[in-house]
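The values are calculated or read from the model by the stated rules, or taken from the named source; none is laboratory data. Given the structure is predicted, the values throughout are model-derived calculations rather than measurements. Virtual Cβ from ideal backbone geometry, glycine too; neighbours counted across all protein chains shown.
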Amino acid sequence: MSHQSPSEDLEHLKLAMEVAGMPAIDLVLPTQNHVRIQKLRLHYLDWGTAGNTPIVFLHGGGLNAHTWDLLCVTLRRDYHCLALDQRGHGESEWSTELDYAFETHQRDVRGFVDRLGLDAFILVGMSLGGINALLYAAEHGKHLRGLVLVDVGPDVRSEGGRRIAHFVKQTQEADSLDDLVAQALAFNPARDPRLLRRSLRHNFRQRHDGKWVRKNDTRHLQHQGIGDRVAHMKNYWPLVSRIDCPTLVVRGARSDVFHDEDAEKLARTLPDGRWTRVENAGHSVQGDNPRGLYDALVKFFGEIGV
């Protein structure tokens with residue numbers, strides 16, 4: 001949860017919007033809600049606006065719902081934006097059985113959608129969230145107006161994944177928030193240090209001994225390496241042809257996880273696919289260049305009439 005007052009949160013959001021060059025709009029904070037799905041309490045951010053076409057956002061592994069803040073607060077003028085903390089991430093509960101299979105995540109998404117009574121909605125997923133979204137769309141595409149897969153598909157580059165996994169492992173515990181900011185800047189020098197400190201507070205909590213630890217559950221990563229997960233994702237190629245809703249594949253131009261040829265192949269295999277490249281962005285497109293991703297989303301939504 002937030003460790004700052006609402007006015008401080010709004011000031012941070014205002015600065016982040018200015019740094020990113022997002023459209024000037026009236027800023028609000030989301031409501032924080034919880035639902036129980038498959039026995040786990042899941043947390044989500046509801047940005048509004050109820051009655052408009054819903055968009056459900058799924059973050060990547062090791063991230064949380066706040067990674068979508070700038071997009072949600074901007075898109076809420078025309079859409080009902082909902083960002084889910086997936087199991088074992090953010091403010092959602094951890095699985096006691098260490099069950100973080102993609103298929104289990106997909107069932108969480110289905111339960112979330114059913115609980116909120118969503119239909120004719122748009123699903124946006126990045127990295128881990130993108131694979132979960134792909135699985136949902138293959139099974140329940142009739143509920144979707146559109147699908148957006150951000151820097152992920154059945155084919156990804158294991159070397160890029162290993163670099164991220166190493167960073168997650170390296171930052172499981174830190175002595176101070178300053179240490180985390182320094183490590184995050186070393187990992188991604190393009191980030192603004194003023195904004196990093198606040199965003200890291202959504203991803204870490206301070207333990208009783210003063211150490212800062214990740215909110216996301218990393219215990220299962222010791223049992224399954226990145227190479228195994230990447231190899232398993234290739235099994236999902238047969239599902240791609242079953243996704244009949246309009247789908248946008250987004251690639252960060254500097255991503256070492258997902259390359260142009262991966263995005264092009266995925267878009268070509270999808271029944272109604274297209275792909276775009278967002279410049280000045282690595283794997284975390286929404287974090288590196290939220291304005292570029294916003295522009296790509298708005299263009300896609302216009303094309304499909306939502």
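The condition of being surrounded by 24 or more Cβ atoms within 10 Å (Cβ to Cβ), among the hydroxyl-bearing types (Ser, Thr, Tyr) and in contact (Cβ under 8 Å) with a residue 40 or more places away in the chain holds for only one of 74, 53, that being 74.
Can you find a residue that is modelled with pLDDT of 95 or more, in contact with a strand residue (DSSP E or B) (Cβ under 7 Å, 6 or more places away or on another chain), among the charged types (D, E, K, R) and buried (at least 16 other Cβ atoms within 10 Å of the Cβ) anywhere in the stretch 247-261? Yes, the conditions are met somewhere in the stretch 247-261. Looking at 157, 115, 162, just one residue is of a type in the set (Lys, Arg) and touching a Phe, Trp or Tyr at 6+ places or on another chain (Cβ under 9 Å), and that residue is 157. Apart from one condition, residue 103 fits all of (1) crowded, with 16+ Cβ neighbours inside 10 Å; (2) modelled with pLDDT of 95 or more; (3) under 30 Å from residue 253 (Cα atoms); the exception is (1). Scanning the stretch 212-233 for residues that are buried (at least 16 other Cβ atoms within 10 Å of the Cβ), closer than 12 Å to residue 165 by Cβ and of a type in the set (S, T, N, Q) yields a count of 1.
Evaluate the stretch 127-146: report whether one residue or more is polar (S, T, N, Q), surrounded by fewer than 22 Cβ atoms within 10 Å (Cβ to Cβ), part of a helix (DSSP H, G or I) and touching a strand residue (DSSP E or B) at 6+ places or on another chain (Cβ under 9 Å).
No - not one qualifying residue is present in the stretch 127-146.
Assess whether residue 156 counts as being assigned to a loop (DSSP other than H, G, I, E, B), buried (at least 20 other Cβ atoms within 10 Å of the Cβ) and not aromatic (Phe, Trp, Tyr). In short, yes. Selection within the stretch 255-306: residues that are basic (Lys, Arg) and assigned to a helix (DSSP H, G or I). The member of this set that is farthest from residue 147 (Cα to Cα) is 291. Name the pairs whose Cβ atoms lie under 7 Å apart, with the first residue in the stretch 150-169 and basic (Lys, Arg), the second part of a helix (DSSP H, G or I), and 6 or more positions between them or separate chains? Within 7 Å, the pairs are 162/226.
Among the residues of the stretch 236-260, those that are charged (D, E, K, R) and either under 27 Å from residue 191 (Cβ atoms) or in contact with a Lys or Arg (Cβ under 9 Å, 6 or more places away or on another chain) (or both) comprise 244, 251, 254, 256, 260. Considering 134, 128, the condition of being in contact with a helix residue (DSSP H, G or I) (Cβ under 7 Å, 6 or more places away or on another chain) and either over 23 Å from residue 283 (Cβ atoms) or not acidic (Asp, Glu) (or both) is satisfied by 134 alone. Within the stretch 116-172, the residues that satisfy the criterion of being within 21 Å of residue 300 (Cα to Cα) and of a type in the set (S, T, N, Q) are 127, 132. None of 303, 264 is closer than 20 Å to residue 121 by Cα, among the acidic types (Asp, Glu) and out of contact with any helix residue (DSSP H, G or I) (no Cβ under 8 Å at 6 or more places or on another chain) except 303. Scanning the stretch 183-227 for residues that are more than 17 Å from residue 168 (Cα to Cα), of a type in the set (Asp, Glu) and either part of a helix (DSSP H, G or I) or in contact (Cβ under 8 Å) with a residue 40 or more places away in the chain (or both) yields a total of 1. Contact map, the stretch 249-278: residues that are of a type in the set (S, T, N, Q) paired with residues that are at pLDDT 95 or above and in a helix (DSSP H, G or I), Cβ distance under 6 Å, separation 6+ or inter-chain. Pairs shown: 269/240; 276/296. Residue 40 passes every criterion in (1) under 28 Å from residue 139 (Cβ atoms); (2) in contact with a Leu (Cβ under 9 Å, 6 or more places away or on another chain); (3) modelled with pLDDT of 95 or more; (4) surrounded by 16 or more Cβ atoms within 10 Å (Cβ to Cβ) apart from (2). Restricting attention to the stretch 174-206, the residues that are of a type in the set (D, E, K, R) and modelled with pLDDT under 90 add up to 6.
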